[in-house]
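Heads up, the thing below is written out as structure tokens.
The values are calculated or read from the model by the stated rules, or taken from the named source; none is laboratory data. Every value quoted in this text rests on a predicted model; they were computed, and no experiment measured them. Every residue, glycine as well, gets a Cβ built from its backbone with ideal geometry; the counts of neighbours run over all protein chains shown. Heavy atoms of the whole protein, side chains included, go into the accessibility calculation; ligands, DNA and RNA do not. Shrake-Rupley method; radii C 1.70, N 1.55, O 1.52, S 1.80 Å.
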Amino acid sequence: MNFRPVQSPECPVHRGSIAMSGKAQFLLVAVVFLFLAATAQAQTCVFALTSVASHGEDVAANTKLIQHNIDLASQCGGQVIIQSGTFRIGSIFVKSNVTLRIQKPAALLGSQNIADYPELPTRVAGLELTWPAALINVYKQTNATITGDGTIDGDGKIFWDSYWALRKIDEPKGLRWASDYDAKRPRLITVFDSSNVHLGGGLQLRRSGFWTMHICYSHDVVVDGVTIRNNIDELGKAGRGPSTDGIDIDSSTHIDVSHADIAVNDDALCLKAGRDSDGLRVNRPTTDVKIHDSIIRDGAAGITFGSETSGGFRNIEAWNIVAEGHVPVGILFKSAHTRGGFADDIKLHDMTFDAVTAVLRITMNWNPSYSYATIPPGLTNYPAYYKTLTTVVPEDKGRARVSNVHIWNIKATNTKTAFEVDAYPQVPLEHFKLDHIDITAATAGHIADASDWTFSDVALHIADKTTIALSDSRNVTGIETHPGAPPSSDPSKLSFAEQDKH
């Protein structure tokens, strides 16, 4: 399609400059074009931002400039293009019918002051509460796009450090579970209560202060082409940011994620649906999700369900996933006996794992020090969400139910354990089908609390010649097993750091 620039009374050409604080002066030019499409006769306004120097540190001015152009573009269904320069900003909000395009070598760099991220009603780690906005937000909008091959950098190490500092204070008080909510950290990109949103196009996402991309209460969202690198600090050296998830899909439907290249320090591709009493109250499942053609180089697992399972998962398909390097688990299901919820009609196939600790890990008693909240005696004047987190969930509603899972075409090499599967005898993992599985591992591992599992065309190359230890299970067929309890371990006895890793 050919375009020619024309001036219009409705969209005049604007040019301006802003003096930036610091040693350098920065000329920021906002150029507005109105393009006429020769074939479609459709009009689209384009706002292009360029800085003649980099690292502009006037957060307020930069944020205001970009937000102003987004607001203008929302009036004409237009684009805001960040063409060059590095703009230090606080939260910005992409509006309906707007495309925000960050072009290489341009970068948006997150403020290190939490006050530059206004607090909004949202959901964080399965709980509805007021929390700082993300650096880039699509908040209650429709038909919005964030794209380009430029960089969105959260510069998040200051928030990582604040979290670890708070953990050192909270843990001796019996408040390990509270730290993740008390240490307020900005996400990098949030899509909240929105629809028809597109993200990708080669975006480089770096150093998020918290979760990198959070899609919550939304539908019809496409993520195609993102590279996420969170395990670096501002000096380019190795950094390990806590809770720096890659892409979290949370109580949302009709989501498609593809061509993601992820290195993070927590869940990489993760499905969530609420936590405990609050998640059961909201009762919004994650459904109709496709995740495919992606690589995980560092993270908790190739693909993760949970631990926020309260609303449930249905009709989830993931394929063409590669996990290699620093990824301990291939496929991970995790929940707790207060979460509740379900997983049903799950299809996971055509995946390749190298050097993982476990190919399939299912744990329904995950990270007790984080999962089970109790207010210490004598503690007063605590936030309202402490009460929410400690609301008792009846036992019959607290056990997550996982059923109708099909796993096939899995290739795993250099693996420590093939299977680490545990649930509850009274709520077994039901109707699993595993076929065309090829695993080379040091040991076979164990399956507990399984019902109606069928294996076919499974090749296990086990170095220690063990078979799978099977306990509290029935009708598990097609694979060699022997009666045996899983390794005796109480996760609550592990250190906080070990529980976090598991």
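The table for this structure:
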quantity: Matching residues in segment 180-201 - criterion: being small (G, A, S), farther than 16 Å from I92 by Cα and either open to solvent by 20 Å² or more (accessible area, probe 1.4 Å) or touching a strand residue (DSSP E or B) at 6+ places or on another chain (Cβ under 9 Å) (or both); calculated: S195, G200, G201
quantity: Subset of segment 109-129 [under 27 Å from S251 (Cβ atoms) and either part of a strand (DSSP E or B) or open to solvent by 10 Å² or more (accessible area, probe 1.4 Å) (or both)]; calculated: G110, I114, P118, E119, L120, P121, T122, R123, V124, L127, E128, L129
quantity: Strands (runs of 3 or more DSSP E) (entirely within segment 214-279) containing at least 3 residues that are open to solvent by 10 Å² or more (accessible area, probe 1.4 Å); calculated: 219-229, 253-263
quantity: Strands (runs of 3 or more DSSP E) completely within segment 393-485 that count 3 or more residues being crowded, with 16+ Cβ neighbours inside 10 Å; calculated: 401-422, 429-448, 450-462, 468-471
quantity: Options A165, A144; residue that is buried (at least 24 other Cβ atoms within 10 Å of the Cβ) and over 23 Å from R275 (Cα atoms); calculated: A144
quantity: Residues that are within 25 Å of the chain's Cα centre (by Cα) and of a type in the set (K, R), drawn from segment 388-444; calculated: R399, R401, K411
quantity: Residue within segment 341-361 that is among the hydrophobic types (A, V, I, L, M, F, W, C), part of a loop (DSSP other than H, G, I, E, B) and closer than 20 Å to P487 by Cα present; calculated: yes
quantity: Residue that is over 29 Å from E324 (Cβ atoms), out of contact with any helix residue (DSSP H, G or I) (no Cβ under 8 Å at 6 or more places or on another chain) and not small (G, A, S), where the choices are D350, D396, D354, D345; calculated: D396
quantity: Scope segment 147-162; condition out of contact with any strand residue (DSSP E or B) (no Cβ under 8 Å at 6 or more places or on another chain), open to solvent by less than 40 Å² (accessible area, probe 1.4 Å) and farther than 15 Å from Y117 by Cα; matching residues; calculated: W160
quantity: Residue in segment 280-290 that is outside any strand (DSSP E or B) and open to solvent by less than 10 Å² (accessible area, probe 1.4 Å) present; calculated: no
quantity: Spans of strands (runs of 3 or more DSSP E) in segment 130-182 with at least 2 residues farther than 15 Å from T244 by Cβ and modelled with pLDDT of 95 or more; calculated: 136-139, 142-147
quantity: Options I215, I228: the member that is at pLDDT 95 or above and over 28 Å from Y372 (Cα atoms); calculated: I228
quantity: Matching option when the condition is in contact (Cβ under 8 Å) with a residue 60 or more places away in the chain, closer than 18 Å to H431 by Cα and open to solvent by 10 Å² or more (accessible area, probe 1.4 Å), among T363, T338, T357; calculated: T363
quantity: For L379: the one exception among (1) hydrophobic (A, V, I, L, M, F, W, C); (2) more than 20 Å from the chain's Cα centre (by Cα); (3) open to solvent by less than 20 Å² (accessible area, probe 1.4 Å); calculated: (3)
